[in-house]
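Have a look at the structure below before the remarks.
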Amino acid sequence: MRIRTARPDDAPAVVALRALVYPYLVRGVESTRRMIAQPPPSEQWTAYVVEVDDTVVGWVAAYRNDQTSEPDVGEVSPLHVHPEHRGRGGGTALLTAALGRLRVIGARRVRTWALPESLPFARRHGFTPSRELRYSALDLRPAPPMPEPPPGVRLLPLTDVDPRRVYLAETAAAADEPGDVSSDATSYARWCSETWENPGLDRAASTAAVTGGEVVALSLVVRDGDRMWSDYTATVPAHRGRGLARLAKTAALHRAAANGVRVAYTSNDEANAPMLAINVGLGYRPVGSSWSCLRELS
């Protein structure tokens, strides 16, 4: 068993490992390759893999969270360890490398995510579970019908929308998103790099609800083959209570299905009751959960 820094050509193996450990997380090979090759420099992002006989059996990423007003917050992505290689020290090696990297870049508080069965491992390494994240899936056979928007509202694919308007809507909607680490608005340049230029973003399926030239709700679709991930669905505060998030998400699911997507995945914080209700109403079924876990880093 050998641990090393991840390389861009590890992307296919990492995606295959993710499909085994977290089948509901959707990030394709090109998106993963780009993430490894061109990480946000401000986050001081580093990823590691564990190999056995030149086969990748583990993965983790560590980075500074520079999108929060809280000082010195580091993040450790969910540990990926192949089920046949667990209990042999690979997970501990990955976590040790990640925490070591965070110490070097000055992090003092760390957040990671753990599957329910991995909570004892997280606790042994000093983490305290904080919030539950629920994963759900929706079979798009058949697809939901295209919704009829109310007067004055248009449901447009992002191919027909100015990206800056999408950015402004997402920034406004995300300001009160629940979580255990506060989130500050990112710059437009960084949003374009991470969201708009993501190779996995399906702009033809992603949908904006537009009124008066303003994006008032949106549902972003990240796709890998016949699977999709609802990357973000929300309504700007001034237009909530009108069912616009559900309209945008339903339209996005319809468009994705029309282009060959067969199953849709999403996640929600346990406290996000409005979005949980929308997903239940659309027919999503629970497929898993994970826990946000926190610890101080000495």
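The values are calculated or read from the model by the stated rules, or taken from the named source; none is laboratory data. Small disclaimer: the values here were computed from a predicted structure and weren't measured. Because the Cβ atoms are built from the backbone with ideal geometry, glycine has one as well, and the counts that use them run over all protein chains shown.
I want to confirm something. Restricting to the stretch 184-205 and keeping residues that are more than 20 Å from Arg27 (Cβ to Cβ) and not aliphatic (A, V, I, L, M), which single residue is modelled with the highest pLDDT? Top of the filtered list is Tyr188. Being among the small types (Gly, Ala, Ser), assigned by TED's automatic domain parsing to the domain that holds Thr92 and under 20 Å from Ala189 (Cα atoms) is a condition met by no residue of the stretch 12-27. Within the stretch 242-263, does at least one residue satisfy the condition of being in the same structural domain as Arg154 (by TED's automatic domain parsing), in a strand (DSSP E or B), in contact (Cβ under 8 Å) with a residue 24 or more places away in the chain and crowded, with 16+ Cβ neighbours inside 10 Å? Among the residues of the stretch 242-263, at least one is in the same structural domain as Arg154 (by TED's automatic domain parsing), in a strand (DSSP E or B), in contact (Cβ under 8 Å) with a residue 24 or more places away in the chain and crowded, with 16+ Cβ neighbours inside 10 Å, which makes the answer yes. Of the candidates Val14, Val26, the single residue that is in contact with a strand residue (DSSP E or B) (Cβ under 7 Å, 6 or more places away or on another chain), assigned to a helix (DSSP H, G or I) and β-branched (Val, Ile, Thr) is Val14. If I ask for residues that are free of Cβ contacts under 8 Å to residues at least 60 places away in the same chain and either under 20 Å from Pro78 (Cβ atoms) or buried (at least 17 other Cβ atoms within 10 Å of the Cβ) (or both), which ones from the stretch 264-298 would you list? Answer for the stretch 264-298, where residues must be free of Cβ contacts under 8 Å to residues at least 60 places away in the same chain and either under 20 Å from Pro78 (Cβ atoms) or buried (at least 17 other Cβ atoms within 10 Å of the Cβ) (or both): Met275, Ile278.
In the list Val161, Val153, which residue meets the criterion of being in contact with a Leu (Cβ under 8 Å, 6 or more places away or on another chain) and β-branched (Val, Ile, Thr)? After applying the criteria, what remains is Val153. Just to be sure before I move on: is Ser267 at pLDDT below 95, among the hydroxyl-bearing types (Ser, Thr, Tyr), closer than 27 Å to Gln38 by Cα and not in a helix (DSSP H, G or I) in the structure I sent? In short, yes. Filtering the stretch 28-67 to residues that are more than 17 Å from Pro83 (Cβ to Cβ) and either outside the structural domain of Arg103 (by TED's automatic domain parsing) or of a type in the set (A, V, I, L, M) (or both) leaves Val29, Met35, Ile36, Ala37, Ala47, Ala61, Ala62. Determine if the stretch 196-206 includes at least one residue that is aliphatic (A, V, I, L, M), in a strand (DSSP E or B), out of contact with any Gly (no Cβ under 9 Å at 6 or more places or on another chain) and assigned by TED's automatic domain parsing to the domain that holds His239. The answer is yes; a qualifying residue exists.
Looking across the stretch 101-145 at every residue that is surrounded by fewer than 14 Cβ atoms within 10 Å (Cβ to Cβ) and closer than 17 Å to Gly91 by Cβ, the one that is nearest to the chain's Cα centre (by Cα) is identified as Pro116.
Among residues of the stretch 188-211 that are among the hydroxyl-bearing types (Ser, Thr, Tyr), those with a Cβ under 7 angstrom from a residue that is outside any strand (DSSP E or B) and surrounded by fewer than 16 Cβ atoms within 10 Å (Cβ to Cβ), sequence gap 6+ or separate chain, pair up as Tyr188/Arg164; Thr211/Gly152.
Which one is surrounded by the most Cβ atoms within 10 Å (Cβ to Cβ), of the residues in the stretch 217-232 that are over 15 Å from Val161 (Cβ atoms) and not small (Gly, Ala, Ser)? Top of the filtered list is Met228. Taking the condition within 18 Å of the chain's Cα centre (by Cα), in the same structural domain as Pro147 (by TED's automatic domain parsing) and of a type in the set (Ser, Thr, Tyr), does Thr266 pass? It is true that Thr266 is within 18 Å of the chain's Cα centre (by Cα), in the same structural domain as Pro147 (by TED's automatic domain parsing) and of a type in the set (Ser, Thr, Tyr).
Within the stretch 89-139, the set of residues being of a type in the set (A, V, I, L, M, F, W, C) and assigned to a strand (DSSP E or B) comprises Val110, Trp113, Ala114, Leu133, Ala137, Leu138.
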